[in-house]
Each structure stands twice: as structure tokens, then as C-alpha cells.
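Data block below; observations after.
The values are calculated or read from the model by the stated rules, or taken from the named source; none is laboratory data. All figures in this text were calculated on a predicted structure; none of them were measured in a lab. No Cβ is skipped: glycine too gets one built from the backbone with ideal geometry, and neighbour counts run over all protein chains shown. All accessible areas refer to the heavy atoms of the entire protein, side chains included, with ligands and DNA or RNA removed. Shrake-Rupley method; radii C 1.70, N 1.55, O 1.52, S 1.80 Å.
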Amino acid sequence: AFHQWIEDRYGSNAILDESELPGHAETEEQDFDKLKDAFLASDWAEMTPTKIEQGFEFSLGSSVVRGRMDAVFDIGEYWMVIDWKTGRPPQGEQMRSAVIQLSVYREAWQRISGTDKPVRAAFHYIMDNYTFEPSQLPDAGELATMLERDAYSESTSDER
């Protein structure tokens, strides 16, 4: 429901109505209002995205990567891909997954836009008003290797 609200706020047409989203009935109005207030207090609320809910699909090594970027902003000297998060910042092993996800978003926008400008990617944790941007993201080659390694680890653990 929160992502739907952001899309509506930025004037984007949603793919699904908020009542169709998983967990919609579980969202408490009080929490939803807190999320909206927290977002409106962030720097992102005053910026206008170039794209909202930008879908992508591309091949990376032997993997096909699909997804959707919440928002893409043209900051001037660089592009910023933002993924809105209503939970808490990652810890431990979750951090590795976060870096992979942001790397995929960066690579996707580079391919979609064909840009020469640098592309950065971050999560914005709404309730904490905290934008998490790793100082370094793997490039396409490193990302392909990481995905291959993860796929291999999953396939060998399934065989056990």
C-alpha cells in the first residue's frame, strides 16, 4: 500500500491497485500514516523521479535477471536508483543480499538508459529517514560471478 501511495504521489499509474497487493489487509492505518509522514519528511519527497516502477529483464552471465526499480532520479552529474524500504536496514548476511540487489538495479538502469553518466543505487529506509548507499558496488562482471556462485551453492545444497 505504501509503494502504491508513492506511485500515486508522483503521478504514476500503478500496475496493481493497492487492494490487490499482498498484505494489504494487514496494513494498519496508523502505521501507514507514520510511513507517509516519514516519507514526506525525507529529502526524496521534494524530488521528482525520472521513472517510477521501472521494470527490467536482462541476461547477466548465465542468469536472467528480472525486477522492478522503485524510482530513478536524475541528480545532474549522476543517476540515482532508489528502492523504498519500510523495514529496518540490513545486518550481517542481509547486507550481502542488499549489495547484490542494488548492483542489479544499477546495471539495469545503465542498460535501459544507455547513459554515460555514473549510476548509483541505494535503499531509503522510510521510518529511519536513512538512505543506505554502499560505497562500492560490484560491476557487471563481478555481479555475474556472484550470481553464478550463489546458483552453484543452491544447486549443490539441493542435491544433499
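Side notes on the structure shown:
- Top-ranked residue of region 51-74 - restricted to ones that are modelled with pLDDT under 95 and of a type in the set (Val, Ile, Thr), ranked as farthest from residue 149 (Cα to Cα): 52
- Selection count where residues are among the hydroxyl-bearing types (Ser, Thr, Tyr), open to solvent by 30 Å² or more (accessible area, probe 1.4 Å) and modelled with pLDDT of 90 or more, scope region 75-110: 1
- When region 130-151 is filtered for residues that are outside any helix (DSSP H, G or I) and of a type outside the set (Asp, Glu), the ones remaining, listed by number, are 130, 131, 132, 134, 135, 136, 137, 138.
- Residue selected from region 32-74 under the condition in a strand (DSSP E or B) and acidic (Asp, Glu), by the criterion least open to solvent (accessible area, probe 1.4 Å): 70
- Scope region 33-72; condition of a type in the set (D, E, K, R) and within 18 Å of residue 132 (Cα to Cα); matching residues: 43, 70
- Only listed residue being touching a Phe, Trp or Tyr at 6+ places or on another chain (Cβ under 8 Å), basic (Lys, Arg) and at pLDDT 85 or above, chosen from 34, 117: 117
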